[in-house]
1. Under a 10 Å cutoff between Cα atoms, tell me which one of 101, 163, 73 has the largest fluctuation in the Gaussian network model of the chain.
2. Sort 157, 109, 84 so that the residue with the fewest other Cβ atoms within 10 Å of its own Cβ comes first and the one with the most comes last.
3. As a footprinting exposure proxy, order 129, 29 by other Cβ within 10 Å, with the fewest listed first.
4. Which percent of the Cα-Cα distances in the range 62-135 go past 14 Å?
5. Rounded, prolate or oblate: pick one for the range 109-192, where a ≥ b ≥ c are the square roots of the eigenvalues of its C-alpha gyration tensor, a/c under 1.5 means rounded, and failing that, prolate if a/b is larger than b/c, else oblate.
6. If N is the number of residues in the range 12-101, what value comes out of its Cα radius of gyration divided by 2.2 N^0.38 Å?
7. Anyone know which of 103, 169, 22 comes out most mobile in the 10 Å Cα GNM of the chain?
8. Given C-alpha coordinates of the chain, what is the ratio Rg to Rh with the Kirkwood estimate of Rh?
Ligand code: SF4
Ligand code: SF4
């Protein structure tokens, strides 16, 4: 039996997803294989199948407000299982991007904060410096002593470097970040109209 034809949603969120991920949620026929294999689905408000359905129905606000777009690990299990060859991980990524560009409050504030801290540290040092990441994340999340004992043990065992990494070409990395930031501002202006 042929799968039902689902009209392509014309909501701004769906248009953004199609433009930025190259994936069309209207092609999803709701088999559920993505959610069945998703390791993060138990922690999501909406599994990937539901996210695709919500996009088909034009429920953009609901999708941008759900925690799924932050909890998604980008592991691509869903994308590799989809019989319609939809790259659902890319859809999730584009939804997260739209939420950021629109200034939509992140449903998982600490995940958004961790992403910010990680990028700040990589921009400053040219690569990850875990000790600083842990300290900054703790301070900014309001839990200055969280996991402090583990951090100390890891440093003592030589698993975490005490000093920042010496990376050649940090200036180039910073330029890349500046270019990415300029592109983000430009796309953000387009999204907000
Ligand atoms: S990429 Fe995201 S949505 Fe897809 S299976 Fe992995 S965690 Fe789940
Ligand atoms: S696996 Fe593909 S077709 Fe099946 S529900 Fe997920 S996105 Fe839709």
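1. Between 101, 163, 73, it is 163 that shows the largest mean-square fluctuation.
2. Details: 157 8, 109 11, 84 15.
Lowest count first: 157, 109, 84.
3. Details: 129 20, 29 16.
By the 10 Å Cβ count, ascending: 29, 129.
4. On the way: 1767 of 2701 pairs.
Value for the range 62-135 (Cα pairs over 14 Å): 65 percent.
5. Values: a/c = 4.43, a/b = 1.54, b/c = 2.88.
Here the range 109-192 falls in the oblate category.
6. On the way: Rg = 11.2 Å, N = 90, 2.2 N^0.38 = 12.2 Å.
Here the Cα radius of gyration is 0.92 times the empirical estimate.
7. Of 103, 169, 22, the Gaussian network model singles out 169 as fluctuating most.
8. Details: Rg = 19.4 Å, Rh = 18.7 Å.
Reported Rg/Rh (Cα atoms, Kirkwood Rh): 1.04.
Read-outs throughout are calculated quantities, based only on the coordinates presented, and are distinct from any laboratory measurement. Quantities reported herein were computed from a predicted structural model and do not represent experimental measurements. Note: ideal-geometry Cβ built from the backbone for every residue, glycine included; neighbour counts use all protein chains shown.
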